[in-house]
Amino acid sequence: MRILGIDPGIAIVGFGFVDKVGSKVTPVQYGSIQTEAHTPEGERLQQVYEGMTQLIDKYKPEAVAFEKLFFQS
């Protein structure tokens, strides 16, 4: 089974694809989608969407897991 893990954000979105067979987990690809500072939020979201769409089309995950957002003030 191929799984996509996502560390969400607007400026930087981390991702990692792993293959799990039985109890063995093997990394396939990982990295981040980065957007430029001072870019309007809508454009940033479009860039993230397009980047994730390309990755999903290429690596074809069967499951997706999102990291929970954490804010500290």
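Of note:
- If you model the chain as an ellipsoid using its alpha carbon gyration tensor, with each semi-axis the square root of five times an eigenvalue, the axes come out at 25, 15, 9 Å, biggest first.
- On a per residue basis, the chain carries 77 Å² of accessible surface, using protein heavy atoms and a 1.4 Å probe.
- Chymotrypsin sites (Phe, Trp or Tyr not before Pro) lying in DSSP loop within the range 1-71, provided at most 14 other Cβ fall within 10 Å: PHE70, PHE71
- DSSP-defined antiparallel bridges as percent of all bridges, the chain, nearest 5: 80 percent
- With at most 11 neighbouring Cβ atoms within 10 Å, loop GluC sites (Glu not before Pro) (DSSP) excluded, longest segment of the chain: 1-35
- Taking the protein heavy atoms of the chain in the context of the full set of protein chains, the accessible area attributed to carbon and sulfur is 56 percent at 1.4 Å.
The values are calculated or read from the model by the stated rules, or taken from the named source; none is laboratory data. What you see is a predicted model, and the numbers here were worked out from it, not measured in a lab. Every residue, glycine as well, gets a Cβ built from its backbone with ideal geometry; the counts of neighbours run over all protein chains shown. Ligands, DNA and RNA are stripped out before the accessible areas are found, and what is left, the full protein with its side chains, is counted by its heavy atoms. Shrake-Rupley method; radii C 1.70, N 1.55, O 1.52, S 1.80 Å.
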